[in-house]
């Protein structure tokens with residue numbers, strides 16, 4: 001029996017034997033289009049119509065969450081579809097303490113909510129919809145710049161913690177507003193849980209408490225996806241069960257570039273893992289190389305509690321044929 005996208009993901013997460021095939025989901029940025037809610041919605045819907053993935057992850061520019069504080073950025077052709085920041089909001093350590101908590105009705109946050117409404121209206125209710133949410137530390141990095149953030153949190157921790165609390169409260173309010181529109185989960189992007197940026201203890205001090213505040217409303221959602229970005233990630237967040245049980249049903253990381261492997265990740269008490277295809281392979285490889293990595297990922301996991309995807313966004317220069325190959329291979333994994 002062929003399942004709907006929703007049924008397939010639910011069966012995957014719960015390890016239901018009724019699963020007909022491994023789910024597959026890739027996502028990408030839509031530069032230029034992401035500056036307007038209607039064009040971003042249209043681009044996301046067109047991508048879904050073309051490839052028929054098992055979930056739609058809405059990928060706005062990272063600046064959507066901080067422009068109402070005054071940040072500015074520009075599109076310069078980055079292959080991942082990301083934008084370069086041209087104006088930071090935080091310069092002096094005391095600037096963290098001056099950040100006001102924002103309402104979801106703030107102009108740029110409201111525009112992203114409008115985008116979600118457009119998508120939810122046109123997208124089948126049987127296709128799960130996830131909104132990208134950047135962790136407070138990730139937003140703080142974009143407000144201050146990466147190096148300045150780390151210097152401030154080590155030399156002026158109280159000021160930074162005050163700012164992070166404000167960002168977390170703003171994020172909590174935004175997630176609540178997204179839930180009122182009918183999302184199925186959040187794609188929660190954590191960028192600082194990697195040893196090259198912060199120690200694990202530093203992340204537990206500056207990251208984790210604000211993650212938990214931000215995510216309070218999302219506890220009732222069934223399709224939350226945790227994205228651990230970067231190399232040498234602190235997978236202890238999962239192995240030590242530092243998030244509440246069942247807060248994240250799916251975990252995604254750059255499994256082809258850093259540990260643990262998908263098979264190792266599955267040994268932990270989580271719903272499903274997502275990954276298997278290297279970003280470089282989907283851009284520079286050919287169809288057979290993409291399908292070889294996908295087949296290996298399916299073999300690692302036995303096709304259970306596994307969603308085929310990439311470790312991060314699909315670069316905007318990825319060939320159509322390679323994206324299509326990743327979609328087609330799961331049909332033969334029944």
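May I ask you to verify whether residue 175 is over 29 Å from residue 106 (Cβ atoms), touching a strand residue (DSSP E or B) at 6+ places or on another chain (Cβ under 7 Å) and either part of a loop (DSSP other than H, G, I, E, B) or touching a residue at least 12 places away in the same chain (Cβ under 8 Å) (or both)? Lay out the reasoning, then the answer.
Details: over 29 Å from residue 106 (Cβ atoms): no; touching a strand residue (DSSP E or B) at 6+ places or on another chain (Cβ under 7 Å): yes; either part of a loop (DSSP other than H, G, I, E, B) or touching a residue at least 12 places away in the same chain (Cβ under 8 Å) (or both): yes.
Against the criterion (over 29 Å from residue 106 (Cβ atoms), touching a strand residue (DSSP E or B) at 6+ places or on another chain (Cβ under 7 Å) and either part of a loop (DSSP other than H, G, I, E, B) or touching a residue at least 12 places away in the same chain (Cβ under 8 Å) (or both)), residue 175 does not qualify.
I'd like to check something: does the stretch 148-166 contain any residue that is surrounded by 23 or more Cβ atoms within 10 Å (Cβ to Cβ), modelled with pLDDT of 95 or more and within 28 Å of residue 180 (Cβ to Cβ)? Among the residues of the stretch 148-166, at least one is surrounded by 23 or more Cβ atoms within 10 Å (Cβ to Cβ), modelled with pLDDT of 95 or more and within 28 Å of residue 180 (Cβ to Cβ), which makes the answer yes. Selection over the stretch 211-228 of residues that are closer than 20 Å to residue 239 by Cα, touching a residue at least 40 places away in the same chain (Cβ under 8 Å) and assigned to a helix (DSSP H, G or I) gives a count of 1.
Could you say whether any residue in the stretch 87-102 is closer than 30 Å to residue 48 by Cα and either modelled with pLDDT under 95 or in a loop (DSSP other than H, G, I, E, B) (or both)? No, the conditions are met nowhere in the stretch 87-102.
Of all the residues that make up the stretch 71-86, how many are assigned to a loop (DSSP other than H, G, I, E, B) and in contact with a strand residue (DSSP E or B) (Cβ under 7 Å, 6 or more places away or on another chain)? It would help to see each step written out before you state the result.
Of the residues in the stretch 71-86, the ones assigned to a loop (DSSP other than H, G, I, E, B) are 71, 75-83.
If we keep only those that are in contact with a strand residue (DSSP E or B) (Cβ under 7 Å, 6 or more places away or on another chain) too, we end up with 71, 76, 83.
Final tally of qualifying residues: 3.
Return yes when residue 82 is crowded, with 22+ Cβ neighbours inside 10 Å and either in contact (Cβ under 8 Å) with a residue 24 or more places away in the chain or farther than 23 Å from residue 310 by Cβ (or both) and no when it is not.
Numbers: crowded, with 22+ Cβ neighbours inside 10 Å: no; either in contact (Cβ under 8 Å) with a residue 24 or more places away in the chain or farther than 23 Å from residue 310 by Cβ (or both): yes.
When the stated conditions are applied, residue 82 does not pass them.
Checking each residue in the stretch 1-31 for being farther than 17 Å from residue 124 by Cβ, under 20 Å from the mean Cα position of the chain (by Cα) and in a helix (DSSP H, G or I) picks out 12, 13. Restricting the stretch 324-334 to residues that are surrounded by fewer than 20 Cβ atoms within 10 Å (Cβ to Cβ) and in a helix (DSSP H, G or I) leaves a set whose member that is nearest to the chain's Cα centre (by Cα) is 327.
Go through the stretch 123-147 and report how many residues are assigned to a loop (DSSP other than H, G, I, E, B) and buried (at least 23 other Cβ atoms within 10 Å of the Cβ).
As a first pass, look at the stretch 123-147 and keep what is assigned to a loop (DSSP other than H, G, I, E, B): 123-128, 135, 145.
If we keep only those that are buried (at least 23 other Cβ atoms within 10 Å of the Cβ) too, we end up with 128, 135.
Summing the residues that are assigned to a loop (DSSP other than H, G, I, E, B) and buried (at least 23 other Cβ atoms within 10 Å of the Cβ) in the stretch 123-147 gives 2.
Quick one: is residue 282 crowded, with 17+ Cβ neighbours inside 10 Å and modelled with pLDDT of 95 or more? Considered against the rule, which asks whether it is crowded, with 17+ Cβ neighbours inside 10 Å and modelled with pLDDT of 95 or more, residue 282 comes out as yes. The set of residues from the stretch 32-64 being more than 15 Å from the chain's Cα centre (by Cα) and assigned to a loop (DSSP other than H, G, I, E, B) comprises 32, 36, 52, 53, 54.
Considering the stretch 48-64 alone, what residues qualify as being at negative phi and surrounded by fewer than 19 Cβ atoms within 10 Å (Cβ to Cβ)? Before the answer, list the steps.
As a first pass, look at the stretch 48-64 and keep what is at negative phi: 48-51, 53-64.
49, 50, 51 - these are the residues of the stretch 48-64 that are at negative phi and surrounded by fewer than 19 Cβ atoms within 10 Å (Cβ to Cβ).
Checked against the criterion of being free of Cβ contacts under 8 Å to residues at least 60 places away in the same chain, over 24 Å from residue 19 (Cβ atoms), assigned to a helix (DSSP H, G or I) and out of contact with any helix residue (DSSP H, G or I) (no Cβ under 6 Å at 6 or more places or on another chain), the stretch 299-319 has no qualifying residue. Can you find even one residue in the stretch 196-208 that is touching a residue at least 60 places away in the same chain (Cβ under 8 Å), closer than 25 Å to residue 73 by Cα and part of a helix (DSSP H, G or I)? Checked against the condition, which is being touching a residue at least 60 places away in the same chain (Cβ under 8 Å), closer than 25 Å to residue 73 by Cα and part of a helix (DSSP H, G or I), the stretch 196-208 yields at least one hit. Restricting the stretch 65-74 to residues that are surrounded by 15 or more Cβ atoms within 10 Å (Cβ to Cβ) and either closer than 25 Å to residue 283 by Cα or touching a residue at least 60 places away in the same chain (Cβ under 8 Å) (or both) leaves a set whose member that is nearest to the chain's Cα centre (by Cα) is 65.
The values are calculated or read from the model by the stated rules, or taken from the named source; none is laboratory data. Everything numeric in this text was worked out from a predicted model, so none of it was measured. Cβ coordinates were reconstructed from backbone atoms using ideal geometry, including for glycine residues, and neighbour counts include every protein chain displayed.
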